[in-house]
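Here's the structure we're looking at; comments come further down.
Values in this text are rule-based calculations from the coordinates and carry no lab data. Note that the coordinates shown come from a computational prediction; the quantities given were computed from them, not determined experimentally. With ideal geometry, Cβ positions are generated from the backbone for all residues, glycine too; neighbour counts draw on all protein chains shown.
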Amino acid sequence: MRKRNNLTRRNFLTTALTAGGVVVMGSPFAKRLSTLLRRETPPQKTIQEQVNTPQRQGFSEKSYREETELERKLYQTERDISFAVIHHTASERGSASSIDQAHRARGWDAIGYHVVISKDGTIEYGEDYGRPVSKQGAHCKGKNVGSIGIAMIGNFEITSPTQAQLDSLYQVLNTIKDKYHLTRDKFYGHRELKATLCPGKNINIKEIRENLK
Ligand SMILES: [Zn+2]
């Protein structure tokens, strides 16, 4: 009933506006009419508002923030990413900062890896040290074009990664897989591409691939 009334009112107002001569454009009456007409149109969201509206309402605020940070740090369109390489650092200690210093000491312009995962599962980004994902890495000679390099702190010839480390690794790999539309077989251990022990015998690459979403 209400809808019908509105329609009727709209028709009346439109007719009044288009009758010509009756309404002087810019007169207070014309302004009042156009205000009334505008009111009947539901407010439209701008494109920007639509883009900014979170679609995944089921996520808690915390996990939503974490997810967007990972995506923001790992996803870019400047480079064509087609695979990822998993490394260990062959050292039980260290951080993105100490690796950055070591790699710069070799004459490189920044840390060679795009991502470093510490024993407690903290994810550090090469971006914070001058190696964003948009910049080619220096982690797997001959295979740096089109790849993202991820290193876990540890010598996995001797020890094993912590559960926290593996959890973060899966978060990183699944985000890369999702954002760049990669299949499981695009995730390699360094030793599958080059003659090296990296990332250590205690890393089962096949199992990691199978566990990806
Ligand atoms: Zn390696």
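Say the cut-off is 24 Å between C-alpha atoms; which of LYS179/LYS206; LYS141/LYS201; LYS119/LYS143; LYS73/LYS201; LYS73/LYS194 go over it? LYS119/LYS143; LYS73/LYS201; LYS73/LYS194, as the Cα separations exceed 24 Å there. For the range 60-211, what is the relative contact order in percent, using Cα pairs closer than 8 Å and at least 6 residues apart in sequence? Relative contact order of the range 60-211: 30 percent.
In this simple spin-label approximation, TRP108 and GLU157 carry label points 7 Å from Cα along the Cα→Cβ vector, and these lie 1.9 nm apart. With K and R counted +1 and D and E -1, the other residues having a Cβ less than 12 Å from that of GLU127 yield a net charge of 0. With a Förster radius of 35 Å applied to the beta-carbon distance between SER91 and HIS181, the computed FRET efficiency rounds to 0.55.
Among TYR129, TYR113, the ranking by other beta carbons within 10 Å of each residue's beta carbon, starting with the fewest, stands as TYR129, TYR113. Rounded to the nearest whole Hz, the Karplus-based 3J(HN,Hα) values (6.51 cos²θ - 1.76 cosθ + 1.60, θ = phi - 60°) of the range 83-99 follow the sequence 7, 10, 10, 9, 10, 10, 8, 6, 8, 6, 10, x, 7, 4, 5, 5, 5, with x at glycine and proline. Annotation: amide H-H contacts under 5 Å for HIS87 (H modelled 1.01 Å from N, sequence separation of 5 or more, or interchain): ILE150, ALA151, MET152.
Here the 3J(HN,Hα) profile of the range 158-165, calculated from phi with Karplus coefficients 6.51, -1.76 and 1.60 at θ = phi - 60°, is 10, 10, 10, x, 6, 4, 4, 5 Hz, Gly and Pro shown as x. The slack in the chain from ASP128 to ASN174, taken as 0.36 nm per residue of separation less the alpha-carbon distance, amounts to 14.4 nm.
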